[in-house]
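The values are calculated or read from the model by the stated rules, or taken from the named source; none is laboratory data. Being a predicted model, the structure only gives us computed values, none of them experimental. Here Cβ is always computed from backbone atoms with ideal geometry, including for glycine, and neighbour counts include all displayed protein chains. Keep in mind that these areas ignore ligands, DNA and RNA; they rest on the heavy atoms of the full protein, side chains included. Shrake-Rupley method; radii C 1.70, N 1.55, O 1.52, S 1.80 Å.
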Amino acid sequence: MAEIIIGVLMIISFLGMIYYCVKGHNLMVGFFVMATLWTVLSLIGNAIVPNPSMADTIAESGVMGVLKYVYQTGPEGYASSILVNVFFGAFFGRVLMDTGIAATLIRKVVELGGDRPRITMTLLCIVTALIFTSMTGIGPVISIAVIVLPILQALGIPSGIALFAFMGSIMAGICANISNFTQYQGILGGLDARILEEYSYQQYFPFAAIMMVVCLVVVLVICNITLARKKTAHTWAASASNGGIENAPFYSWLAVILPVILVVSINCPVILAFLISALYALITCGKMKGGFAEICRMLAKQFADGSVDVAPMIGFLLTLAMFNNAATYAAPYFRAIIGGIFPSSAIGLCLLFAVILPLGFFRGPTNLVGCGTAIAAVVLSVAQWPVAFIYPMFAITTIVPQHLDITQSWVAWGLGYSKVGSRDFMKFSIPTAWIAGAILCVVAFFMYGGLVG
């Protein structure tokens, strides 16, 4: 009975956290409060009926062992294994921006597409998706958005469709983004060490490539269907100013996907892949000129600027790590109430995730970068899922809704920049995420469902 009462209180707090996220309040503070609340409730529950996930820790180290696991071990483990990749990924994103490679690719696409709105939109979306397989952070998004969105609007594409097409193409790119892979791997790895120890980007990449293509196709199909019902009205000739930066040479463009190539082809360490790619971009664009001190200053500035780009999410990710560890202690109470709804078969989990995927919006219960870690802890306890199957499943329910959600920082910025209403945007984003997510759940079942015993 005590487990049921504690579980009910946790679910109520869980729903409160979802409401908190929807209202757009500070996530770092929210997840710290949730980690604290769930830790306290778990300690109370353990005092009444021993909690198997907590009893051993208390027996060895007492209550302070529990507090250390939540508030110290969680952030330390996440920082040591994940955040360094995020920082170097952000540094590489800054290099792509400062060398003009990203902007050059977009300008060349506009020249190729000419005055044909649908072709230009499609090409821009493809290039944007490729760019964001390596870039990350709100800074790079804004830098690309202020080039792409005016072009699409100039071609007569309504602001709502233009914003959705751009954000949807970023979402597609994030499906194969190395930095994001390490983030989600770290979150799940905190719940099941096998995901950190036995799973790599190389193993994930075949599914990531399919995931990226499926998402991009669904986004473009919905954009084109919507455009067919509307009249395009050209406002001015589409062009992309170079902002005083010369076009990057064509052979430097390889830098955009070079980190992915290095990691997949030769299993290059992620940080080294970013460094090699950044040096390639700087050398081929002629940026490694001047004295040693000047080059050092340039590199230091790019790393600092990249760190600023991802700074808003660092505190959030560290408190999320606290929440993840607290969720480990909370899992038995959730399992006592909702554990029965999660199947132990591959086809059952795929069908369930396909149906409930929209719950990943507003950082809801299927979203790992939100309230999803508690549900993930329950799902992982239902069966000994193969890591090659379970990681793609949570990647689908996290990436697809998360990066089309108005709680995503750059989507919120885009709504203000484009003067698009949040309801109008969600009319595109929710159906798109649901359709793409359902297709990908089916793909995941056929690719990896056979691994489930």
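Below, the figures for the structure above:
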{"read-out": "G370 open to solvent by less than 50 Å² (accessible area, probe 1.4 Å), closer than 18 Å to I138 by Cβ, within 14 Å of the chain's Cα centre (by Cα) and of a type in the set (G, A, S)", "value": "yes"}
{"read-out": "Criterion violated by T284 - all others in (1) of a type outside the set (G, A, S); (2) in contact with a helix residue (DSSP H, G or I) (Cβ under 7 Å, 6 or more places away or on another chain); (3) under 30 Å from F445 (Cβ atoms) satisfied", "value": "(3)"}
{"read-out": "Top-ranked residue in region 107-155 [being in contact with a His (Cβ under 9 Å, 6 or more places away or on another chain) and in a helix (DSSP H, G or I); ranked as least open to solvent (accessible area, probe 1.4 Å)]", "value": "A154"}
{"read-out": "Those residues of region 251-284 which are open to solvent by 30 Å² or more (accessible area, probe 1.4 Å) and not in a helix (DSSP H, G or I), in sequence order", "value": "I257, N267, P269"}
{"read-out": "Enumeration of residues in region 14-36 that are at pLDDT 85 or above, open to solvent by 70 Å² or more (accessible area, probe 1.4 Å) and in contact with a helix residue (DSSP H, G or I) (Cβ under 6 Å, 6 or more places away or on another chain)", "value": "F32"}
{"read-out": "Given (1) assigned to a helix (DSSP H, G or I); (2) under 27 Å from I314 (Cβ atoms), number of the condition H25 does not satisfy", "value": "(1)"}
{"read-out": "Considering residues of region 37-72 that are open to solvent by less than 30 Å² (accessible area, probe 1.4 Å) and without any contact (Cβ under 8 Å) to a residue 12 or more places away in the chain only, the residue nearest to T407 (Cα to Cα)", "value": "G65"}
{"read-out": "Test: residue in region 420-428 that is in a helix (DSSP H, G or I), touching a helix residue (DSSP H, G or I) at 6+ places or on another chain (Cβ under 7 Å), open to solvent by 10 Å² or more (accessible area, probe 1.4 Å) and more than 25 Å from T136 (Cβ to Cβ)", "value": "yes"}
{"read-out": "Count of residues meeting criterion [open to solvent by less than 40 Å² (accessible area, probe 1.4 Å) and in contact with a helix residue (DSSP H, G or I) (Cβ under 9 Å, 6 or more places away or on another chain)] in region 192-221", "value": "16"}
{"read-out": "Given (1) of a type outside the set (D, E); (2) under 23 Å from I337 (Cβ atoms); (3) outside any loop (DSSP other than H, G, I, E, B); (4) open to solvent by 20 Å² or more (accessible area, probe 1.4 Å), index of the condition M10 fails", "value": "(4)"}
{"read-out": "Residues satisfying the stated conditions in region 325-353, i.e. more than 21 Å from I4 (Cα to Cα) and part of a helix (DSSP H, G or I)", "value": "A346, I347, G348, L349, C350, L351, L352, F353"}
{"read-out": "Some residue of region 353-362 being among the small types (G, A, S) and open to solvent by less than 10 Å² (accessible area, probe 1.4 Å)", "value": "yes"}
{"read-out": "Subset of region 297-330 (residues that are open to solvent by 10 Å² or more (accessible area, probe 1.4 Å) and aliphatic (A, V, I, L, M))", "value": "M298, L299, A300, A304, V308, A311, M313, I314, L318, M322"}
{"read-out": "Looking only at region 156-169, and only at residues there that are farther than 17 Å from R116 by Cβ and of a type outside the set (S, T, N, Q), the one that is surrounded by the fewest Cβ atoms within 10 Å (Cβ to Cβ)", "value": "G160"}
{"read-out": "Filtered residues of region 400-425 (kept if in contact with a Leu (Cβ under 9 Å, 6 or more places away or on another chain) and of a type in the set (A, V, I, L, M, F, W, C))", "value": "V400, I406, V411, L415, V420, F425"}
{"read-out": "Test: residue in region 96-106 that is on the phi > 0 side of the Ramachandran plot, under 27 Å from the mean Cα position of the chain (by Cα) and in contact (Cβ under 8 Å) with a residue 12 or more places away in the chain", "value": "yes"}
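Residue-wise test of (1) of a type in the set (S, T, N, Q); (2) in contact (Cβ under 8 Å) with a residue 24 or more places away in the chain.
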{"site": "N324", "(1), (2)": "yes, yes"}
{"site": "G340", "(1), (2)": "no, no"}
{"site": "L349", "(1), (2)": "no, yes"}
{"site": "P358", "(1), (2)": "no, yes"}
